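What follows is a single structure, written as structure tokens, with notes after it.
The values are calculated or read from the model by the stated rules, or taken from the named source; none is laboratory data. Here the structure is a predicted model, which is why all the values come from computation and not from measurement. Cβ sites come from the backbone with ideal geometry, for glycine too, and all protein chains shown count toward neighbours. When the accessible area is computed, the model is the full protein with side chains, heavy atoms only, and any ligands, DNA or RNA have been set aside. Shrake-Rupley method; radii C 1.70, N 1.55, O 1.52, S 1.80 Å.
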Amino acid sequence: MKKDMTCIVCPIGCQMTIEEKADGTYEVTGNTCKRGPKYAINEMTNPTRVIPTTVVIKNAMLPRLPVKTAEPIPKGQIFDAMAVINQVVVEAPIKTGDVVIKDLLGLGIDVVATRTMDKC
């Protein structure tokens, strides 16, 4: 299997090609830095993403609180994660880094606040 991709590890944005060999190894070409092959192999074998989004917050200056997953989660579980996150309502005050959801989907990854919001 062969796939073309744009690397997002650094600002260069190399156009890389990754090819799976018959023996199960991967060959990556087109990368400028040494982080490119690791990114490409991970994208082929276990793609993950950090989810930045918002949840409802009560008694705060704004109606929504920005949050994100503390670590990347498997790309195939993003829709399931969003279904859980969209049900959450928190109460002010909240500080940046506070855990809003512990152990999202049993992955051992928390959802944390990315903004402090005081109580109104």
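Distance between the C-alpha centres of segment 16-42 and segment 43-120: 31 Å, rounded to the whole angstrom.
Net charge of the neighbourhood of GLU27, taken over other residues with C-beta under 12 Å away and scored Lys/Arg +1, Asp/Glu -1, is 0.
Summing charges over all other residues whose Cβ lies under 11 Å from the Cβ of VAL9, with Lys and Arg as +1 and Asp and Glu as -1, gives +2. Against the longest principal axis of the chain, how steep is helix 35-45, in degrees 0 to 90 to the nearest 10, with axes from Cα atoms? With rounding to tens, the tilt is 80 degrees. Potential lengthening of the chain between ASP80 and CYS120 amounts to 11.2 nm, from the contour at 0.36 nm per residue minus the alpha-carbon distance.
For ALA22 and ASN59, the difference between the fully extended length at 0.36 nm per residue and the C-alpha to C-alpha distance is 7.5 nm. Helical content of the chain, expressed as a calculated mean residue ellipticity at 222 nm, amounts to -4500 deg cm²/dmol (DSSP H runs of 4 or more residues, -39,500 (n - 2.57) each, divided by residue number, nearest 500). Distance distribution note for segment 1-101: the fraction of Cα pairs above 16 angstrom is 65%. For segment 2-45, the relative contact order works out to 33 percent when only alpha carbon pairs closer than 8 Å and six or more residues apart are counted.
Projected area of segment 52-113, taken from the Cα convex hull and averaged over every viewing direction, in nm²? Taking a quarter of the hull surface, the average projection is 3.8 nm². Using a Gaussian network model on the chain with a 10 Å cutoff between Cα atoms, which of VAL89, VAL55, VAL99 fluctuates the most? Looking only at VAL89, VAL55, VAL99, the largest GNM fluctuation is found for VAL89.
Give me the percent of Cα-Cα pairs in segment 2-45 that sit more than 15 Å apart, rounded to a whole number. So the portion of pairs separated by more than 15 Å is 29 percent. Only lysines eight or more places from LYS34 in sequence, or on another chain, were considered; those with a Cα closer than 27 Å are LYS2, LYS3, LYS21, LYS75.
Projecting the Cα atoms of THR25, THR45, PRO11 onto the dipole axis of segment 2-45, where Lys and Arg carry +1 and Asp and Glu carry -1 at the beta carbon, places PRO11 farthest toward the positive end.
The value of relative contact order for segment 52-113, using C-alpha pairs under 8 Å at least six residues apart, is 37 percent. Summed over the residues of the chain and divided among them, the accessible surface reaches 62 Å² per residue at a probe radius of 1.4 Å. Assuming charge only on the beta carbon of Lys and Arg (+1) and of Asp and Glu (-1), the dipole of the chain about its Cα centre is about 360 debye to the nearest 20. Under the criterion of Cα pairs below 8 Å and six or more residues apart, the relative contact order for the chain equals 19 percent.
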